[in-house]
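Asks: Handing you this structure, nothing more for now.
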Amino acid sequence: MTATETRALHEMNASVKKRFFLFGSWVLLSSLIFSSAISTFIRISVSNPDASHLILIPFISAGVMFVERSKVFRDLAYDRLLGGCFLFLACGAALVSRFAGGGAALDVKFSASILALALSWVAGFAFLFGQSAFRAGYFPLLFLFLMIPLPKSFLDHIVFLLQLGSTWVAENLFDLLGVPVLREGFVLHLSRFNIEVAQECSGIRSSMALLVLALLISHFWLNRFWTKALFVVSGLLMMILKNGIRIATLSLLAIYVDPDFLLGKLHQEGGIVFFSLALLLLLPVLALLQRWESRIPVATAPANSPRDP
């Protein structure tokens, strides 16, 4: 390596270190600006089981970025236009969080604050690393938005759909197994007792964890957009299926083995068992999609194209 090449390499390393230092300072400054929202964010993540995954999202995003660092940080540049666009969006979200009404809109204000924080981080990345790095690191950057808490009104709709789907799956499993059941809304009337699929039984916590895992698996193990989308959709459906299986299993054990199963450890702490079952059910889906990808022909150069000597 010549002296000129060595000097160029040192200059490039110094430039990269400078960018990372500036980005770290950007993240620290924006975190200080939104320190009140971050404090609430941490408190909710620690105290609310349904939101316990939120605090992990920034660290998972950073981990994915680190794993793919050779691809993401291959071509660096400053991009004021792209960074300015995201900074403009961040300021808009911050204004919503500042001037939105009180009362029922408090959770919307909080969500807007975290959205503004995430957008400011993305803006800093775009400013300091450029469009090429932004495109290469699109997944961890988009993944970062999963840290935004859903407003209660929107979350209630999701819980309702999970309740509806879980009740339907449990009812059909009972019918398939020949167990007499009468469904009335979210209540399943069985021979010995009634089961209500309440909001607490919707499985929202494990469902969000399954969604996060489905996104990560699709990113690392699948290559095409449509196969990734199909796998994530399969993960969403698997959320409902595994919760319906859990309800039916506990009910059958209570009917034919011991009624205490409805209040025992399998009900209170057995979520990991059915979560693992959902992951196992996703493995054949992943294998099938990978096989489909392998059968898709790869574009080749035309036969009459010029060849290298």
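Asks: How long are the three semi-axes of the equivalent ellipsoid of segment 130-279, in whole Å, if each is the root of 5 times an eigenvalue of the C-alpha gyration tensor, listed from largest down?
Replies: 35, 15, 14
Asks: Compute, for the chain, the length of the dipole vector about the Cα centre, with Cβ point charges of +1 (Lys, Arg) and -1 (Asp, Glu) only. Units Debye, rounded to 20.
Replies: Numbers: 24 positive and 18 negative charges, 206 e Å.
Around 1000 debye, computed over the chain.
Asks: For residue 17, give me every one of the lysines with a C-alpha distance below 30 angstrom, ignoring sequence neighbours fewer than eight places off in its own chain.
Replies: Within reach: 71.
Asks: Pop out the ³J(HN,Hα) list for segment 225-237 in order, Karplus 6.51 cos²θ - 1.76 cosθ + 1.60 with θ = phi - 60°, rounded to Hz; leave Gly and Pro as x.
Replies: 4, 5, 6, 5, 4, 4, 5, 5, 4, 4, x, 5, 5
Asks: Could you pull out every residue, at least 5 positions away or on a different chain, whose amide H is within less than 5 Å of the one on residue 73? Hs are placed 1.01 Å off N in the peptide plane, and Pro or chain starts have none.
Replies: Correct list: empty.
Asks: Net charge around residue 117, counting only other residues with Cβ within less than 15 Å of its Cβ (Lys, Arg = +1; Asp, Glu = -1)?
Replies: So the surrounding residues net to +2.
Asks: Would you mind computing, in nm to one decimal, how far apart the modelled labels at residue 23 and residue 135 are, each placed 7 Å from Cα along Cα→Cβ?
Replies: The modelled label-to-label distance comes out at 1.7 nm.
Asks: If the only charges are +1 at each Lys and Arg Cβ and -1 at each Asp and Glu Cβ, what is the size of the charge dipole of segment 83-177 around the Cα centre, to the nearest 20 debye?
Replies: 500
Asks: Going by a ≥ b ≥ c, the root eigenvalues of the Cα gyration tensor, does segment 84-192 fall in the rounded group (a/c under 1.5), the prolate group (a/b larger than b/c) or the oblate group?
Replies: Cα axes put segment 84-192 in the oblate bin.
Asks: Another one. Just name one of 189, 26, 78: the one whose Cα is farthest towards the positive end of the charge dipole of the chain (beta-carbon charges, Lys/Arg +1, Asp/Glu -1).
Replies: Positive-most Cα among the choices belongs to 78.
Asks: Here is a further query. Lysines within cross-link reach of residue 109: Cα-Cα under 16 Å, excluding same-chain residues under 8 positions apart?
Replies: 152
Asks: What number, rounded to the nearest 500 deg cm²/dmol, is the helix-based mean residue ellipticity at 222 nm of the chain, given -39500 (n - 2.57) per DSSP H run of at least four residues and division by all its residues? Working shown, then result.
Replies: Details: 12 runs with 221 residues, N = 309.
About -24500 deg cm²/dmol.
Asks: Can you bin segment 105-164 into rounded, prolate or oblate? Criterion: square roots of the alpha carbon gyration tensor eigenvalues sorted a ≥ b ≥ c, rounded for a/c under 1.5, prolate for a/b above b/c, oblate for the rest. Let's see the in-between values first.
Replies: On the way: a/c = 5.84, a/b = 1.97, b/c = 2.96.
It comes out oblate by the Cα gyration axes.
Asks: For the chain, rounded, prolate or oblate, judged on the Cα gyration tensor with a ≥ b ≥ c (square roots of eigenvalues), a/c < 1.5 rounded, else prolate if a/b > b/c?
Replies: Numbers: a/c = 2.79, a/b = 1.56, b/c = 1.79.
Because a/c hits 1.5 or more and a/b fails to exceed b/c, the chain counts as oblate.
Asks: Could you tell me which residue out of 170, 145, 276 lies farthest along the dipole of the chain toward its positive end? Charges go on the beta carbon: Lys and Arg +1, Asp and Glu -1, centred on the Cα centre.
Replies: Toward the positive end, the furthest listed residue is 145.
Asks: What FRET efficiency comes out for residue 36 versus residue 85 if R0 is 30 angstrom and r is the Cβ-Cβ distance? Round to the nearest 0.05.
Replies: E between residue 36 and residue 85, to the nearest 0.05, is 0.70.
Computed from the coordinates by the stated procedures, all read-outs in this text should not be read as laboratory data. This is a predicted model, so every value here is computed, not measured. Glycine gets a Cβ as well: all are built from the backbone with ideal geometry, and neighbour counts include every protein chain shown.
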